[in-house]
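The values are calculated or read from the model by the stated rules, or taken from the named source; none is laboratory data. All values reported here derive from a predicted model rather than from experimental measurement. A quick note on method: Cβ atoms are made from the backbone with ideal geometry, for glycine too, and the neighbour counts reach across all protein chains shown. Accessible surface areas use protein heavy atoms only, side chains included; no ligands, DNA or RNA. Shrake-Rupley method; radii C 1.70, N 1.55, O 1.52, S 1.80 Å.
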Amino acid sequence: MAWQEVNFDGLVGPTHNYAGLSYGNVASASNRGQVANPLEGVLQGLDKAAHLRSLGLIQGVLPPHDRPHLSTLRAHGFTGSDAEILTEAWRSSPALIANVASSAAMWTANAATISPAPDTLDGRTHFTPANLAAMYHRSIEAPTTARILKVMFPEGERFTHHAPLEGGVHMGDEGAANHNRLCADYGEPGVELFVYGRGAFETAKELTYPGRQTMEASKALARQHGIKPGKALFVRQNPAAINAGAFHNDVVAVNNKNVFFYHEEAFTEVPKLQDTIRDAMDGTQVAFIEVPKAKVPLEDAVKSYLFNSQLVTVPGRKGMTLILPSEVKETPSTRLYVEELIATGGTIHHADYLDVRQSMRNGGGPACLRLRVALSDDDRAAMGGNTILDDARLETLRVWAKRHYRDRLMPDDLADPKLMEESFAALDELTQILQLGSVYDFQR
Ligand code: SUG
């Protein structure tokens, strides 16, 4: 049976803006208050998806969430019509509106942690939506994510869904952005590497920025997914990386199959980590590509998002391919490093650069925008909805975006009831295109 890694890219939402909501995320803080262009953002994302498809990879999408999130405002005691709720909440707290109107669900690497069937004791693919407890604007994502994933991967003999972890920031879980899966091939049993920022019950004095994921949360995920004995590994992210702005591990490390590409300072005890991974891999060779700080300082890794690239196996292409944000080319140290990497002709043979600047300005690179799911052909046949792209669906989504999205948005525009109406109309139509049913609160 053929297995593939399918990337599900989050569509940039109609309320995409720069509100500076994520403390510890350098790009989010420094672009606060800039003019955003949601239309350009969604089209850049679709171009990325189209590029991966043109390489022969299977590409899906995940829809934006309904924003402003009126259910959250109702839960805060606001009453009346939708427009009255929005107006009154804005009068009471523009910051609350910025949070409940964020389009942050587009970074689907944070949507969930997924353990594919070959890794689990019951032979099913396990999904846990991330609680994203660390940031208020993201902590409201999980219920909608859960609903969407359940439509796409129906509960049953192939797929099973867990509730997001309870326990607030103590059980902070940021999903696949802190999770790597090493394997010989996608359908072979893998080793799952969970990366956390801090212990749930410690005061992490060495952190100046939040360690969003806790060790206890990572361990709970591995337990509830029933990962085979010895195949779940746990490693702490280097506090220096978090303090430099690597708020998720996928800002300093990425892997594909048996290749692990990471910055020298991503973890504290790299030799020990390599040994642990080698032992767990039971003879499958692992290629560790460690990028030295002498060549790429941590600051440049964070600024350029070198490691927030997608590392993919392209049918018919020798070696692996990095899908990189254009910022890597514009940062001298990372441009040079990638040139050298390709020239040595080791494991990674190709570098494709893409423009996802609308997302990058909020700290979301190519890898943040995608949720990876290893699926067999039979798994894909069992999926619900219609979220896998072909050329026609890509074109439909482009036309849909051009009809509904604005090309200019400032944080103050989030108070506009017309923007809310436009967004809900766009999403209502999108659920029909993607055949997802009524997944949004405003449809229920
Ligand atoms: O959670 N930015 C997101 C970026 C997420 C990137 N994802 C991964 N690394 N996988 C975050 O910090 C900024 C929103 C704003 O400031 O308007 C934001 O939420």
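Is it true that some residue in segment 309-323 is loosely packed, with under 15 Cβ neighbours inside 10 Å, touching a residue at least 12 places away in the same chain (Cβ under 8 Å), under 26 Å from N37 (Cα atoms) and within 16 Å of the ligand (Cβ to nearest atom)?
No, the conditions are met nowhere in segment 309-323.
For segment 136-176, give me each residue that is within 16 Å of the ligand (Cβ to nearest atom) and in contact with a Phe, Trp or Tyr (Cβ under 8 Å, 6 or more places away or on another chain).
T144
Would you be able to say whether some residue in segment 207-217 is free of Cβ contacts under 8 Å to residues at least 24 places away in the same chain, away from the ligand (no atom under 14 Å from the Cβ) and of a type in the set (D, E, K, R)?
Checked segment 207-217: no residue is free of Cβ contacts under 8 Å to residues at least 24 places away in the same chain, away from the ligand (no atom under 14 Å from the Cβ) and of a type in the set (D, E, K, R).
Starting from segment 358-387, keep only residues that are within 15 Å of F159 (Cα to Cα), then list their pairs with residues that are more than 11 Å from the ligand (Cβ to nearest atom) and basic (K, R) whose Cβ atoms are within a distance under 6 Å, requiring at least 6 positions of separation or different chains.
Filtered contacts from segment 358-387: D379/R158; A382/R158.
When you look at L430, is it in contact (Cβ under 8 Å) with a residue 60 or more places away in the chain and either closer than 30 Å to E330 by Cβ or outside the structural domain of N17 (by TED's automatic domain parsing) (or both), yes or no?
Here the answer is no, as L430 does not meet what is asked.
Output the strands (runs of 3 or more DSSP E) that fall wholly within segment 221-296 and possess 3 or more residues being within 16 Å of the ligand (Cβ to nearest atom), or say none.
Once the strands (runs of 3 or more DSSP E) in segment 221-296 are filtered for at least 3 residues that are within 16 Å of the ligand (Cβ to nearest atom), what remains is 253-256, 259-263.
Go through segment 42-126 and tell me which helices (runs of 4 or more DSSP H), entirely inside it, have 3 or more residues that are away from the ligand (no atom under 16 Å from the Cβ) and either at positive phi or not small (G, A, S) (or both).
By residue number, 70-75, 82-92.
When you look at G20, is it on the phi > 0 side of the Ramachandran plot, surrounded by fewer than 19 Cβ atoms within 10 Å (Cβ to Cβ) and more than 10 Å from the ligand (Cβ to nearest atom), yes or no?
Considered against the rule, which asks whether it is on the phi > 0 side of the Ramachandran plot, surrounded by fewer than 19 Cβ atoms within 10 Å (Cβ to Cβ) and more than 10 Å from the ligand (Cβ to nearest atom), G20 comes out as no.
Only one residue in T108, T120, T145 is out of contact with any Asp or Glu (no Cβ under 9 Å at 6 or more places or on another chain) and either within 20 Å of T431 (Cβ to Cβ) or modelled with pLDDT under 95 (or both), so which one is that?
Every option except T145 fails the conditions.
Assess whether I433 counts as being open to solvent by 20 Å² or more (accessible area, probe 1.4 Å), in contact with a Phe, Trp or Tyr (Cβ under 8 Å, 6 or more places away or on another chain), at pLDDT 95 or above and more than 18 Å from E40 (Cβ to Cβ).
Taking the combined requirement at face value, the residue satisfies it.
Take the conditions touching a residue at least 60 places away in the same chain (Cβ under 8 Å) and open to solvent by less than 50 Å² (accessible area, probe 1.4 Å) and apply them to A287. Does it pass?
So A287 fits the description; yes.
Taking the criterion of being within 20 Å of the chain's Cα centre (by Cα) and surrounded by fewer than 16 Cβ atoms within 10 Å (Cβ to Cβ), would at least one residue in segment 148-167 satisfy it?
Yes - at least one qualifying residue is present in segment 148-167.
On the basis of being under 26 Å from S326 (Cβ atoms), among the β-branched types (V, I, T) and either away from the ligand (no atom under 16 Å from the Cβ) or in contact with a Gly (Cβ under 9 Å, 6 or more places away or on another chain) (or both), does V373 make the cut?
In short, no.
Given the conditions (1) free of Cβ contacts under 8 Å to residues at least 24 places away in the same chain; (2) open to solvent by 10 Å² or more (accessible area, probe 1.4 Å), and given that I85 satisfies all but one, which numbered condition is not satisfied?
For I85, the exception is condition (2).
Select from segment 202-227 the residues that are closer than 21 Å to N243 by Cβ and open to solvent by 30 Å² or more (accessible area, probe 1.4 Å) and write down the one among them that is modelled with the lowest pLDDT.
T203
Check A246, A253, A280, A241 and return the single one that is in contact (Cβ under 8 Å) with a residue 24 or more places away in the chain and either on the phi > 0 side of the Ramachandran plot or surrounded by fewer than 22 Cβ atoms within 10 Å (Cβ to Cβ) (or both).
A280
Could you list all residues from segment 271-310 that are of a type in the set (V, I, T) and more than 28 Å from Y353 (Cβ to Cβ)?
Passing the criteria: T276, I277, T284.
Which ones in segment 24-50 are open to solvent by less than 10 Å² (accessible area, probe 1.4 Å) and in contact with a Leu (Cβ under 7 Å, 6 or more places away or on another chain)?
S28, A36, P38, V42, L46, K48, A49
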